[in-house]
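Accompanying notes for the structure given below.
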Amino acid sequence: MEATRNTLRRIGAIAAVGFAAASLLLPDGDALAQQGKVKIGLMLPYTGTYAALGTAITNGFKLAIDENGGKLGGRDIEYFTVDDESDPAKAPDNANKLIKRDQVDVLVGTVHSGVALAMSKVARDNNTLLIIPNAGADEITGPLCAANVFRTSFSNSQMGIAMGKVMAEQKKKTAVTLTWKYAAGDESVGGFKESFEAGGGKVIKELSLPFPQVEFQSYLTEIAALKPDVVYVFFAGGGAVKFVKDYAAAGLNKTIPLVGAGFLTDGTLEAQGEAAQGLLTTLHYGDGLNNPKNNAFRAAYMKAFKSEPDVYAVQGYDAAQLLIVGVNAVKGDMGKRAELVAAMGAAKLDSPRGSLALNRGHNPIHDIYLRKVEGKENKVIGIAVKNLTDPPRGCKL
Amino acid sequence: MDIYSLLIQLLNGVQYGLLLFLVASGLTLIFGIMGIINLAHGSFYMVGAYMAFTLASLTGNLFVAIVVGIVLSVLLGIVLEWALFSHLYKRDHLEQVLLSYGLILVFEELRSLIVGNDVHGVALPAIFDWSIPLTPTLSYPVYRLFMSAVCLALAGLLYVLIHRTRLGMMIRAGASNREMVSSLGLNINLVYRLVFALGVALAAFAGMIAAPVSSVYPGMGTQVLIICFVVVVIGGIGSIWGALFAALLIGLADTFGKVLIPEAAGVTVYLLMAAILLWRPEGLFKRVG
């Protein structure tokens with residue numbers, strides 16, 4: 001904004017003589033910033049595997065803005081939308097388009113961690129405000145944290161930390177972990193190991209297979225031979241469906257409990273059917289969460305979009321709630337970045353998931369729920385960890 | 001690793017290998033006999049799996065779904081060969097790659113439009129929905145054993161078809177010298193059309209029979225495609241026995257690679273392929289002629 005204003009003034013100075021009369025009719029720069037629209041860049045997946053997630057996040061975001069009268073700090077809003085295709089290679093270009101061409105005031109995105117990492121780099125380089133409504137890569141709010149980068153979803157290690165604590169409390173002594181060999185899985189399993197071993201347990205074997213392979217039979221044989229007290233896994237989507245079914249077909253679920261990060265049973269219960277019944281998972285949202293905010297949110301979302309909201313819709317909703325707090329604090333003057341960021345960092349949000357605050361690295365501090373699969377629902381049966389905050393390792397804020 | 005685990009892992013490897021063979025056999029027929037590089041082979045596998053899902057939900061019976069699915073996939077193969085692939089026999093491989101790559105995109109998009117992008121499970125047929133306890137903690141799903149038996153039976157049938165029947169003789173003759181066969185008065189175009197349809201049906205059948213254990217999900221075809229090319233190349237292009245042998249080898253290498261050297265699980269099969277190709281660049285069972 002500052003740069004634009006300077007350019008405008010320079011052009012103005014050169015053309016001052018010729019356009020003197022005309023320029024009198026224009027409001028000056030400061031007034032423009034106050035009265036113009038707030039430009040929001042939504043960079044999310046609208047095609048491909050994550051299309052449904054991108055749509056849910058967008059819906060949640062717009063719902064919160066609409067509940068705020070469709071304005072931010074008294075100013076109207078203009079949305080700029082880009083389909084990021086969950087393609088990290090296209091991410092820098094897409095983010096730059098929104099920032100340089102459309103001159104957005106705030107960037108919102110995305111689902112895929114690789115894309116989000118690229119976005120956070122562009123946002124840091126351009127000092128653009130960025131709110132991440134899903135991608136869980138730990139480092140975004142760890143070593144790569146920045147004053148202008150926020151996250152309203154979760155970090156990968158949080159679910160592992162919560163489940164490790166619960167399993168240690170249940171007096172489980174030994175565990176085997178299994179995941180796809182990629183950042184999200186490693187971080188999730190790392191969190192589990194950390195808290196499980198801190199609670200007195202021991203991870204006796206860490207198994208992993210290349211993403212996105214789904215031939216699990218040899219790992220199941222290995223688990224049966226090791227006979228741990230519990231198995232912690234990180235899988236999502238098609239891999240989650242297949243693993244849960246294979247685990248049950250191998251009869252392992254009768255003797256060795258299977259637990260995992262919530263993605264193991266989120267959006268997959270239809271396909272998993274009987275095999276998933278009774279599984280315990282940890283996530284920051286779940287079915288049957290009975291608080292006034294959640295009930296109101298679910299009703300409003302149903303009314304607006306004619307579909308049940310999910311955890312992704314909540315994350316999008318909270319991204320907008322966080323932005324509203326920031327912009328309201330500076331009364332719509334996006335130029336007051338330091339105050340805006342300070343207000344967002346200190347925000348205490350009333351989220352459908354419960355209370356939501358941010359830690360030093362701008363990562364959520366929230367309750368992680370323990371959930372049990374009952375029928376087609378991930379029923380919340382308790383709080384695994386109250387106000388979980390993962391240490392922002394390597395963050396210099 | 002105790003002896004039980006070792007034996008079960010051996011079983012895992014063989015079972016995985018047999019399934020790979022089923023998919024790869026269609027590829028080796030089309031690639032080896034017709035000389036067509038068909039990248040869309042994985043898509044036929046995916047089409048099969050999705051047919052199993054939709055037809056099984058409609059009819060409520062996986063076996064009925066498979067029978068209907070086979071008929072549909074044979075038709076699909078005939079139409080594709082007639083409309084597209086038959087124009088490419090005389091062109092070079094690059095054009096075949098372009099066409100079949102295009103088909104991958106078309107099939108993925110159609111799948112997305114018709115069934116959507118969700119992951120679906122296919123219910124096991126009730127008679128196979130049980131497991132045999134092998135050790136106190138581990139049971140083996142009967143359906144996997146059934147799949148292996150079906151794969152073995154098909155390998156035998158294919159061998160008989162190619163080497164012991166009149167049609168097989170024509171197929172082999174056509175592979176060696178297309179012009180000579182047609183000048184002898186045989187309708188080689190029809191033979192090729194049948195081989196292509198057979199290849200498509202084999203891939204689709206593999207997808208259908210694997211659907212209950214693999215579940216159906218977007219992009220499942222591309223995963224299978226790469227490993228199938230590995231099987232075909234190791235086995236020797238066009239050889240049914242080669243494909244069977246190579247598929248078992250890959251199945252075992254993959255299974256034991258994951259258990260014994262988990263850090264390198266992703267590369268074991270490719271290292272094996274590189275080693276075999278250094279030793280025998282034509283693959284293990286080079287077709288004579």
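Treating only the Cβ of Lys, Arg, Asp and Glu as charged (+1, +1, -1, -1), what charge dipole size does chain A show about its Cα centre? Round to the nearest 20 debye. Each step should come with its number before you reach the end.
Details: 44 positive and 41 negative charges, 123 e Å.
Roughly 600 debye for chain A.
When chain B is described by a simple charge dipole with +1 on each Lys and Arg Cβ and -1 on each Asp and Glu Cβ, the residue from B:V97, B:G60, B:L184 located farthest towards its positive end is B:L184. Think of each Lys and Arg Cβ as +1 and each Asp and Glu Cβ as -1; about the Cα centre, that makes the dipole of the range A:93-179 roughly 320 debye.
Looking at the protein assembly as shown, send over the antiparallel percent of its DSSP beta bridges, to the nearest 5.
Working: 22 of 57 bridges.
If we restrict to bridges inside the protein assembly as shown, about 40 percent are antiparallel.
The alpha carbon convex hull volume per residue for chain B rounds to 144 Å³.
Distance from the alpha carbon centroid of the range B:135-211 to that of the range A:184-242 works out to 38 angstrom.
Can you list the equivalent-ellipsoid semi-axes of the protein assembly as shown, largest first and in whole Å, using the square root of 5 times each Cα gyration tensor eigenvalue?
Details: eigenvalues 519, 218, 91 Å².
Calculated on Cα positions only, the semi-axes equal 51, 33, 21 Å.
By the rule of a C-alpha distance below 22 Å, with chain neighbours fewer than 8 residues away ignored, the lysines paired with A:K100 are A:K37, A:K39, A:K90, A:K121, A:K336. To the nearest whole percent, what portion of all C-alpha pairs in the range A:301-397 is separated by more than 20 angstrom? Distances greater than 20 Å cover 50 percent of the Cα pairs. I want to verify the translational diffusion coefficient of the range B:47-88 in µm²/s; compute it with Stokes-Einstein, Rh as the Kirkwood radius over Cα pairs, at 25 °C and 0.890 mPa s. Using the Kirkwood radius from Cα pairs, D works out to 226 µm²/s. Sequentially through the range A:140-155, phi angles give Karplus couplings (6.51, -1.76, 1.60; θ = phi - 60°) of 4, 10, x, x, 9, 4, 8, 4, 9, 10, 10, 9, 10, 9, 5, 10 Hz, Gly and Pro residues having no value and appearing as x. Across peptide A:202-214, the mean count of Cβ atoms from other chains lying within 10 Å of each residue's own Cβ comes to 3.
For the range A:70-136, a simple Cβ point-charge model (Lys and Arg +1, Asp and Glu -1, everything else neutral) yields a dipole of about 220 debye relative to the Cα centre. Counts of other chain beta carbons within 10 angstrom of each beta carbon in peptide B:108-117 average 1.
Once the C-beta distance of A:E78 and A:K293 is scaled by a Förster radius of 35 Å, the resulting FRET efficiency is 0.80 to the nearest 0.05.
Computed over chain A, the range of Cα coordinates on each principal axis works out to 86, 37, 35 Å, biggest value leading.
Evaluate E = 1/(1 + (r/R0)^6) for B:A274 and A:A304, where r is the Cβ-Cβ distance and R0 equals 56 Å; express this FRET efficiency to the nearest 0.05.
On the way: r = 56 Å, r/R0 = 1.00.
Result of the calculation: an efficiency of 0.50.
All alpha carbon pair distances within the range B:112-227 were sorted into 10 Å bins beginning at 0; the resulting P(r) in whole percents reads 11, 29, 27, 20, 10, 2, 0. Under a 5 Å amide H cut-off, with hydrogens placed 1.01 Å from N, A:V38 pairs with A:D76, A:I77, A:E78 among residues at least 5 apart or on other chains.
Here's the picture: charge each Lys and Arg Cβ at +1 and each Asp and Glu Cβ at -1 in chain A, and of A:T179, A:T55, A:L72 the one pushed furthest to the positive end of that dipole is A:L72. If you take all other residues with their beta carbon under 15 Å from the beta carbon of A:A249, and give Lys and Arg +1 and Asp and Glu -1, the sum is 0. With the helix formula -39500 (n - 2.57) applied to DSSP H stretches of n ≥ 4, the protein assembly as shown reaches a computed 222 nm mean residue ellipticity of -17500 deg cm²/dmol. Per residue of peptide B:7-15, the mean number of Cβ atoms on other chains within 10 Å of the residue Cβ is 3.
Ordering B:I226, B:I78 by the number of other Cβ atoms within 10 Å of each residue's own Cβ, fewest first, gives B:I226, B:I78.
Along the axis of the charge dipole computed for chain B (Cβ charges of +1 for Lys and Arg, -1 for Asp and Glu, origin at the Cα centre), the listed residues B:Q223, B:V160, B:A24 are led at the positive end by B:V160.
Coordinate-derived values only; no laboratory data. Only a predicted model underlies this, so the values are computations on that prediction, with no experimental measurement involved. Here the Cβ is made from the backbone with ideal geometry for all residues, glycine too, and neighbour counts use every protein chain on show.
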